[in-house]
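Okay, so here's the structure we're looking at.
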Amino acid sequence: LLNGGRRVGAYLPELRISGMRDPVLQVIDDFSQEVVYTLRVQGQRFRPPVPEEGKYTLRLGELGTEREVVVEGVRATADNDKELIVDI
């Protein structure tokens, strides 16, 4: 279950993060502009769950600083087996 008790309906690509350990990740629904959740990734790999298929914006790193990376239009699918390499 996600924040608010919503069920996981899809996944974003597995994140492979370089340049920072344990970054903060914020997932934003591109359609509604709603923040789905914000959490600290443990380590440098994470497969973000989301409530439904669609496109999402990811903010990674130390949010609000020069050590923040924004990746827009990331597609979530029910059986996502892709990887996304992010260098912070």
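The values are calculated or read from the model by the stated rules, or taken from the named source; none is laboratory data. Note that the structure is a prediction, hence the values are computed from the model and not measured. Note that each Cβ is placed from the backbone with ideal geometry, even for glycine, and that neighbours are counted across all protein chains shown. Keep in mind that these areas ignore ligands, DNA and RNA; they rest on the heavy atoms of the full protein, side chains included. Shrake-Rupley method; radii C 1.70, N 1.55, O 1.52, S 1.80 Å.
Sort 76-85, 5-14 by the packing proxy (mean of other Cβ within 10 Å over each peptide's residues), most packed first.
Working: 76-85: 13.0, 5-14: 15.1.
Descending mean neighbour count gives 5-14, 76-85.
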Normalised contact order of the chain, rounded percent, pairs of Cα under 8 Å and 6 or more residues apart: 39
Estimated distance in nm for a label pair at residue 21 and residue 69, the labels positioned 7 Å out from Cα along Cα-to-Cβ: 1.8
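So how much slack lies between residue 35 and residue 52, counting 0.36 nm per residue of separation and subtracting their Cα-Cα distance, in nm?
4.8 nm
Tally up the carbon and sulfur contribution to the accessible surface of the chain as a whole percent, 1.4 Å probe, everything protein left in place.
Whole-percent figure for carbon plus sulfur exposure: 45.
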Average accessible surface area per residue within the chain, 1.4 Å rolling probe, Å²: 59
Taking all pairs of distinct alpha-carbon atoms in the chain, Kirkwood radius in angstrom: 12.9
